[in-house]
Amino acid sequence: MSNPSVSFEATREYAYGLDQVDTLFPFRERFLFPQHNDKDALYLCGNSLGLQPKSVGYLMEKELKDWAKYGVEGHFKATLPWFSYHHIFEERLGKIVGAVKDEVVAMNTLTVNLNLLMLSFYKPSGKRYKILMESDAFPSDQYAVEMQVRMHGYDPADAIIEITPKPGAHLIEDVDIFNAIEEAGDSLALVMIGGVNYYTGQFFDLENITKAAHKVGAYSGFDLAHAVGNVPLHLHDWNVDFACWCSYKYLNSGPGGVGGAFVHERHFDNPQILRLAGWWGNEESSRFKMKKGFVPQRGAASWQQSNAPVFNMVAHNASLDIFEKAGMPALREKSLLLTGYMEFLLKQITHLPFEIITPSETQRRGCQLSLRFYDRGREIFNVLTNAGVIADWREPDVIRIAPVPLYNTFEDCYSFYELLTTIE
Ligand SMILES: *Cc1c(COP(=O)(O)O)cnc(C)c1O
């Protein structure tokens, strides 16, 4: 289907027909849906918190039993030994973010990982001390960057370069980022950008941002909170220096779920790259020898601090199994069609005061669409909520909806559209 929107139809029968030929449709059955009036809610909020895989309950119980059965010996005797628990994620995460095995690790949480990695990769000296980021980044990222520059003795107003949309526009053009990087030149130490913007749903050109950063001698790092499990990523091939993400959004690993980190292979043997240390980042063969002198293991895993939060990782394991079975290429293929269909339907609505601010070019977005209301946004959001839609409201004027290819259907898109048509 080269341009499916030409043949899209705004009818329930048509949407139902697309579901019938969707090979990923059965994956919906693997998730638990919040209930509204004894029916599945219309869940369009997987960008904020992914749904619980049904397998989590069973696997959690199994882990509890291993703890009861083995006590401390579970570190080596549990079905999935806790000593090496974090290793079970590397390969599956690698496929999702486009990395080789040792480049990824499941550890800590997102903002912690962002701070750990900036401590390693933001090394201002002389006239090279600036960090370039997008304006209106997620607040956690803004705070983290602000304090990193202050901890090195710089003034955020001087050391942080923020790229803003052109006056009147909602989106930042990639070319404006490239130009700003070039202009900052050798004053630039680091480019740190949210891979998919949480507010607009815009997917930045991470490959070319990385190229531009490297050209002026800066590192590039990305916060992939809204990108991981959503858009195609090739961090290794793109030569990205570092990245981090959370697992509770598209990766469905539960509130506060374990985060993830990527460090490019070419930095593994670089003695200039230092990191905060803890015993779990130490060489595994000597981890329990309790000797002096930190010897980092080779790879992203050397950024680990503490022993793995196993119970927190149970849901991650359950969810990554589902991703492994579905496969990112198939998920992306469905996602393009599903979000394309949602966009088509929304464009039929002319009686409500909103516009879609997410890019219309499919390579510049994931599954999320951000609807900016000129008026009555909050009121319309409340009507939707009362009708059983779970979406999210972002101040000051945006409703974000995310048809997630793992568990949303074309009929979900139609139901959302139908509801909008009934609002006066
Ligand atoms: C969701 C999100 C966060 C949340 O950070 P936590 O450390 O997981 O609480 C941070 N940054 C971005 C861009 C996000 O989308």
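Quick notes on this one:
- Scanning segment 325-355 for residues that are over 18 Å from the mean Cα position of the chain (by Cα), surrounded by fewer than 17 Cβ atoms within 10 Å (Cβ to Cβ) and either among the hydroxyl-bearing types (Ser, Thr, Tyr) or not in a helix (DSSP H, G or I) (or both) yields a count of 5.
- Answer residue from segment 260-306, given it is open to solvent by less than 70 Å² (accessible area, probe 1.4 Å) and aromatic (Phe, Trp, Tyr) and is farthest from His234 (Cα to Cα) among those: Trp280
- Qualifying residue in segment 197-205 (condition: assigned to a helix (DSSP H, G or I) and open to solvent by 30 Å² or more (accessible area, probe 1.4 Å)): no
- The one condition from (1) touching a residue at least 60 places away in the same chain (Cβ under 8 Å); (2) assigned by TED's automatic domain parsing to the domain that holds His236 that Gly46 does not meet is (2).
- Single residue of Lys39, Lys69 found to be open to solvent by 40 Å² or more (accessible area, probe 1.4 Å) and under 17 Å from Val310 (Cα atoms): Lys69
- If you filter segment 366-412 down to residues that are over 23 Å from the mean Cα position of the chain (by Cα) and among the charged types (D, E, K, R), you find that the one that is most open to solvent (accessible area, probe 1.4 Å) is Arg378.
- Candidate set from segment 98-133 (those that are in a loop (DSSP other than H, G, I, E, B) and within 16 Å of the ligand (Cβ to nearest atom)); member that is least open to solvent (accessible area, probe 1.4 Å): Met107
- Only residues that are touching a Phe, Trp or Tyr at 6+ places or on another chain (Cβ under 9 Å) and more than 16 Å from the ligand (Cβ to nearest atom) were counted across segment 196-214, and they come to 7.
- Taking segment 289-324 as the range and being of a type in the set (D, E, K, R), assigned to a helix (DSSP H, G or I) and more than 15 Å from Leu59 (Cβ to Cβ) as the test, only Lys289 passes.
- Residues located in segment 134-148, provided they are within 8 Å of the ligand (Cβ to nearest atom), closer than 14 Å to Gly259 by Cβ and small (Gly, Ala, Ser): Ser140
The values are calculated or read from the model by the stated rules, or taken from the named source; none is laboratory data. Just so you know, these numbers come straight off a predicted model, no measurement behind them. Here Cβ is always computed from backbone atoms with ideal geometry, including for glycine, and neighbour counts include all displayed protein chains. Surface areas here come from the heavy atoms of the whole protein model, side chains and all, with no ligands, DNA or RNA. Shrake-Rupley method; radii C 1.70, N 1.55, O 1.52, S 1.80 Å.
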